[in-house]
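Taking it in order: structure first as structure tokens, then the write-up.
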Amino acid sequence: SWRVKECAFDVDNIFFFRRWAAHDIVLKDSAVKSACTVIEGKDTPAFVVSAAVGFLCSLSYRPASRKSMLEQKVVPALAPIIRKDLPDLNSMSAVLVVANVAGHLRPEQCPEMTKDLQIAIKSISALQAALARQAFGGRFGTIWKVTLSVSALCDGVHNHSLLASNGAGSLVEALLKETHMNPIAQEHACKIALQLAFEPATRTIVLRDSP
């Protein structure tokens with residue numbers, strides 16, 4: 001039943017987020033392709049789509065898992081969910097998956113990651129909301145997770161200008177000033193600042209926004 005599938009994805013979500021060493025097993029299996037098939041299904045209930053997206057999101061935080069996820073066509077499966085921009089479909093988590101697995105790629109390397117998906121802008125907005133302890137896309141984001149996604153986008157030089165012009169500098173400052181902040185978030189905040197500091201244009205924007 002659909003409820004059983006939802007439960008299976010939810011359990012996998014929790015397990016594989018905590019057990020990165022087990023990712024290779026599930027990536028060699030058909031689990032990712034099954035999740036994509038469920039997400040793309042015309043008759044799949046929203047709550048099952050949401051659970052499947054959450055499962056893929058957990059897998060996407062392990063850098064070594066991303067190449068396989070790209071090869072298994074995760075991005076084209078999630079693109080329609082991102083465009084629909086619905087909390088019931090977990091669209092915000094879909095944005096973070098694509099940021100994680102494809103953020104480093106040039107546009108010609110991942111044509112499915114089109115400008116209309118607004119991955120960089122939505123990721124920055126999600127981080128702003130997480131820092132303000134507010135919901136974005138109908139859900140509350142975990143600061144360190146969203147920071148990692150923005151950091152992954154910084155691996156693509158073509159994203160730098162967009163990230164900087166949408167407030168990445170002030171967000172890095174806020175992350176580093178937080179008294180009780182996850183060290184992973186602060187580590188990746190430093191990475192974001194470092195990446196954006198290499199180019200004169202983005203460096204100027206970052207300095208302006210975080211004096």
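The values are calculated or read from the model by the stated rules, or taken from the named source; none is laboratory data. All values reported here derive from a predicted model rather than from experimental measurement. When we count neighbours, we look across all protein chains shown, and the Cβ atoms used for this are built from the backbone with ideal geometry, even at glycine. The accessibility values were calculated without ligands, DNA or RNA, using every heavy atom of the protein model including side chains. Shrake-Rupley method; radii C 1.70, N 1.55, O 1.52, S 1.80 Å.
Quick one: angle between helix 31-40 and the longest Cα principal axis of the chain, in degrees between 0 and 90, rounded to 10, please.
Once rounded, the angle reads 90 degrees.
Under a 1.4 angstrom probe, counting protein chains only, how are ASP116, ASP12 ranked by accessible area, largest first?
Heavy-atom accessible area, descending, gives ASP116, ASP12.
Can you give me the long-range amide H partners of THR44? Hydrogens built in the peptide plane at 1.01 Å from N, cutoff under 5 Å, separation of 5 or more residues or another chain.
For THR44, whose amide H was placed from the backbone, there are no distant partners under 5 Å.
Quick one: how many Å² of VAL97 are accessible to a 1.4 Å probe, rounded to 10?
0
What FRET efficiency comes out for the pair VAL157/GLU178, r = Cβ-Cβ distance, R0 = 25 Å, nearest 0.05?
0.35
Which of the residue pairs LYS28/LYS191; LYS84/LYS145; LYS5/LYS115 have a Cα-Cα distance greater than 29 Å in the structure shown?
Too far apart for the 29 Å limit: LYS28/LYS191; LYS5/LYS115.
When only C-alpha pairs under 8 Å and at least 6 residues apart count, what is the relative contact order of segment 94-140, in percent?
Computed over segment 94-140, the figure is 31 percent.
Among TRP144, THR204, SER165, flag the residue with its Cα farthest along the positive direction of the charge dipole of the chain, charges on Cβ as +1 for Lys/Arg and -1 for Asp/Glu.
Value computed over the given set: TRP144.
For GLU187 and THR142, calculate 0.36 nm times their separation in residues minus their Cα-Cα distance, and state this gained length in nm to one decimal.
Working it through step by step, the gained length comes to 14.7 nm.
Placing +1 at every Lys and Arg Cβ and -1 at every Asp and Glu Cβ, with all other atoms neutral, what dipole size does the chain have around its Cα centre, in debye to the nearest 20?
120
Calculate how steeply helix 200-209 sits against the longest principal axis of the alpha-carbon atoms of the chain, using the helix alpha-carbon long axis, and give the answer as 0 to 90 degrees to the nearest 10.
It is inclined by approximately 90 degrees.
Can you put THR204, THR179, THR114 in order of accessible area, largest first, using a 1.4 Å probe? It would help to have the intermediate numbers written out before the result.
Values: THR204 90, THR179 115, THR114 50 Å².
These residues rank, largest area first, as THR179, THR204, THR114.
Suppose all protein chains stay in the model; what accessible area per residue would a 1.4 Å probe give for segment 64-159, in Å²?
Using a 1.4 Å probe on heavy atoms only, each residue of segment 64-159 averages 42 Å².
For Cα pairs less than 8 Å apart in space and 6+ apart in sequence, what is the mean separation divided by the residue count of the chain, i.e. the relative contact order in percent?
16
Relative to the Cα centre, what is the charge dipole magnitude of segment 63-172, using +1 at the beta carbon of each Lys and Arg, -1 at the beta carbon of each Asp and Glu, and rounding to the nearest 20 debye?
With Lys and Arg at +1 and Asp and Glu at -1, about 160 debye.
Give the accessible area for LYS67 in Å² (nearest 10); use a 1.4 Å probe, count only protein heavy atoms, and leave out ligands, DNA and RNA.
Accessible surface of LYS67 is approximately 140 Å².
Let me have the 222 nm mean residue ellipticity of the chain computed from DSSP H runs of 4+ only, each contributing -39500 (n - 2.57), with the sum over all residues rounded to the nearest 500.
-20500 deg cm²/dmol
Largest first, how would CYS7, CYS36 line up by accessible area (1.4 Å probe)?
From most exposed to least exposed: CYS7, CYS36.
Quote the accessible area belonging to SER161 in square angstrom, nearest 10, computed with a 1.4 Å probe and with ligands, DNA and RNA left uncounted.
About 70 Å², ignoring ligands and nucleic acids.
Calculate, in nm to one decimal, what SER170 and SER1 gain on full extension: separation in residues at 0.36 nm each, minus their alpha carbon distance.
Extending this stretch completely gives an extra 56.2 nm.
Report, in degrees rounded to the nearest 10, the 0 to 90 angle that the Cα long axis of helix 74-84 makes with the longest principal axis of the chain.
Taking the Cα atoms of the chain, the angle to 74-84 is about 80 degrees.
If contacts are Cα pairs under 8 angstrom and at least 6 residues apart, what is the relative contact order of segment 79-189 in percent?
With pairs under 8 Å counted, the relative contact order is 28 percent.
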